[in-house]
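The values are calculated or read from the model by the stated rules, or taken from the named source; none is laboratory data. Keep in mind the model is a prediction, meaning the values are calculated, not measured. Cβ coordinates were reconstructed from backbone atoms using ideal geometry, including for glycine residues, and neighbour counts include every protein chain displayed. Heads up: the accessible areas ignore ligands, DNA and RNA and are worked out on the full protein's heavy atoms, side chains in. Shrake-Rupley method; radii C 1.70, N 1.55, O 1.52, S 1.80 Å.
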Amino acid sequence: MPIRFPKKNRRNIVRQAPHDDTPVPLRHSTRVRLRPPRSDWHKRNFLTSVLIPSLFVKRSGEYVPPQFPKIRAGEICITWIGHASFLIQTHEVNILIDPIWSKWLKVIKRLKQPGFEIQHLPSIDFVLVTHAHFDHLDRRTLRRVAANQPIVVPTGVGNLVHDLGFHIVHELDYWQTVELGPLKISLTPCHHWGARFLADLHRDFGGFVIASNGRTIFHCGDTAYFPGFKEIGDRFSVDLALLPIGAYDAPTGREVHMNPEQAVRAFLELRAKTLIPMHYGTFPLGFEPLHEPPQRLLAAARAHGIAEKVLVMTEGKPVVL
C-alpha cells in the first residue's frame, strides 16, 4: 500500500522500491540527442513554412457531447480525445492518459478541436502522464482534471504535478509496476527524451502498460522506433497498442518520433492484436501534412497484411473492444 499524504504536503511523491532480485534497474530507454544529425537542417524554415501558415488555418472538428456506453466486465472502452490523449474505461474505473485540452502549445496552434469538452469527462479514477513535454503534460488541463485521485508519472516528473490537486503521485522507473485498484500499471522504455526545458535532463520518459481483467493496453507515449518493442512484447501480452504515427519529419531532422511504417514494424514486434494510431492531426509539430500519417499507416498495414488489425479512431467517438 502506498503511503498516504495529507493534501497540504506539497511533496506527496512515492517512488517504487526496486525488487530484491533486480538490485540494478533494467533501463533500456535511449535518450534522443539534442544536436541535429545534419548540418543543413536549418535550410528548411519551419517558422515560415509551417508555424506561420498554421495561424491562419481554422480549427477543424466540433464539440459533441460524447455518448459513453455501458461497459460490461471484460470490455474496454477507448475514447480518443486527440493527439496522445485517451480516456480508457472499464466496468470499474476511468483512466485518463496524457490529457491536453489546451488550444496552444506556447506558439504552436492546435488545429483540431478536442473530441469533446473537458466538462463532459466522467469521474476520473486515475491519471497517467508519459513524460514532461508540453503536449503530454499540460498543467492547466491536469489542474482541472485533478480531484484528489492518484497520478502516475516516470521518475523525475513528480514535482511538475504534485501541487495540482492529486492525492498521491507515483513515480515509476522502467519495468516497475504499481497496483491501483483493479489495475496494474507498468512503465516501459522508449527512444525519446523527457526534458521540460532544454537542460532539464533528469526527467525520465516512457510508455505505460495497463492490465485489467485479463486485458492489456499499451500506450507508447512518445518515441522514435527502437529495438525495445520486442522486449515489451516478450514481457507483456498486449491486446491494444496505442502507437504514435505523426511528427516524424521533425524541424531539426532528428529521429524523435516514429513514422507510420515504423509504427507497423513496432506493432508486429509487440505481437499485439489491435493497432490504434495517435499523435497526429492535432498540432503541427513536423513538416509532414497533417492528413498524411494515417494514409501512410493504412498503406503499410495493407502491405503487411494486417489492415484488419488497424483501428483509426475519430476524436470523441467511444469504441468498445
## Note on the structure
Of His131, His136, the only residue that is in contact with a strand residue (DSSP E or B) (Cβ under 7 Å, 6 or more places away or on another chain), under 16 Å from Ala84 (Cβ atoms) and assigned to a loop (DSSP other than H, G, I, E, B) is His131
### Task
All but one of (1) open to solvent by 10 Å² or more (accessible area, probe 1.4 Å); (2) modelled with pLDDT of 95 or more hold for Arg254, so report the exception by its number.
(2)
### Query
Across the range 286-321, what is the number of residues that are touching a strand residue (DSSP E or B) at 6+ places or on another chain (Cβ under 7 Å) and of a type in the set (A, V, I, L, M, F, W, C)?
10
### Query
Quick one: is Leu164 assigned to a loop (DSSP other than H, G, I, E, B), at pLDDT 90 or above, of a type in the set (A, V, I, L, M, F, W, C) and farther than 23 Å from Ala272 by Cβ?
yes
#### Entry: Members of the range 59-86 found to be without any contact (Cβ under 8 Å) to a residue 60 or more places away in the chain and not in a loop (DSSP other than H, G, I, E, B), listed by number
Ser60, Ser85
### Message
So, in the range 39-74, exactly how many residues are of a type in the set (D, E, K, R), more than 18 Å from Leu285 (Cβ to Cβ), open to solvent by 70 Å² or more (accessible area, probe 1.4 Å) and at pLDDT below 90?
### Response
2
### Task
Return the residue satisfying two criteria in turn: it lies in the range 165-187 and is at positive phi and touching a helix residue (DSSP H, G or I) at 6+ places or on another chain (Cβ under 9 Å), and of such residues it is surrounded by the most Cβ atoms within 10 Å (Cβ to Cβ).
Trp175
### Task
Check the range 243-250 and report whether any residue there is more than 22 Å from Thr48 (Cα to Cα), surrounded by fewer than 24 Cβ atoms within 10 Å (Cβ to Cβ) and either at pLDDT 95 or above or of a type in the set (A, V, I, L, M, F, W, C) (or both).
no
### Query
Are there any pairs with C-beta distances below 6 angstrom linking a residue in the range 170-184 that is under 17 Å from Arg235 (Cα atoms) and assigned to a loop (DSSP other than H, G, I, E, B) to a residue that is among the basic types (Lys, Arg) and open to solvent by 10 Å² or more (accessible area, probe 1.4 Å), with the two at least 6 apart or on different chains, and if so which?
Tyr174/Arg27
### Message
Being buried (at least 24 other Cβ atoms within 10 Å of the Cβ) and touching a helix residue (DSSP H, G or I) at 6+ places or on another chain (Cβ under 6 Å) is true for just one of Val264, Val310. Which residue is that?
### Response
Val264
### For Leu96: the one exception among (1) surrounded by fewer than 12 Cβ atoms within 10 Å (Cβ to Cβ); (2) in contact with a helix residue (DSSP H, G or I) (Cβ under 7 Å, 6 or more places away or on another chain); (3) of a type outside the set (Asp, Glu)
(1)
### Task
Report yes if Val153 is out of contact with any His (no Cβ under 7 Å at 6 or more places or on another chain), open to solvent by less than 20 Å² (accessible area, probe 1.4 Å), modelled with pLDDT of 95 or more and of a type in the set (A, V, I, L, M, F, W, C), otherwise no.
yes
### Task
For the range 90-115, name all the residues that are in contact (Cβ under 8 Å) with a residue 60 or more places away in the chain and either under 18 Å from the mean Cα position of the chain (by Cα) or not in a loop (DSSP other than H, G, I, E, B) (or both).
Ile95, Ile97, Asp98, Leu105, Ile108, Lys109, Arg110, Lys112, Gln113, Pro114, Gly115
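Results for (1) at positive phi; (2) surrounded by fewer than 21 Cβ atoms within 10 Å (Cβ to Cβ); (3) not acidic (Asp, Glu), shown as yes or no for each residue.
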| position | (1), (2), (3) |
| --- | --- |
| Arg143 | no, yes, yes |
| Asp163 | no, yes, no |
| Pro189 | no, no, yes |
| Gly194 | no, no, yes |
| His202 | no, yes, yes |
| Asn213 | yes, yes, yes |
| Asp222 | no, no, no |
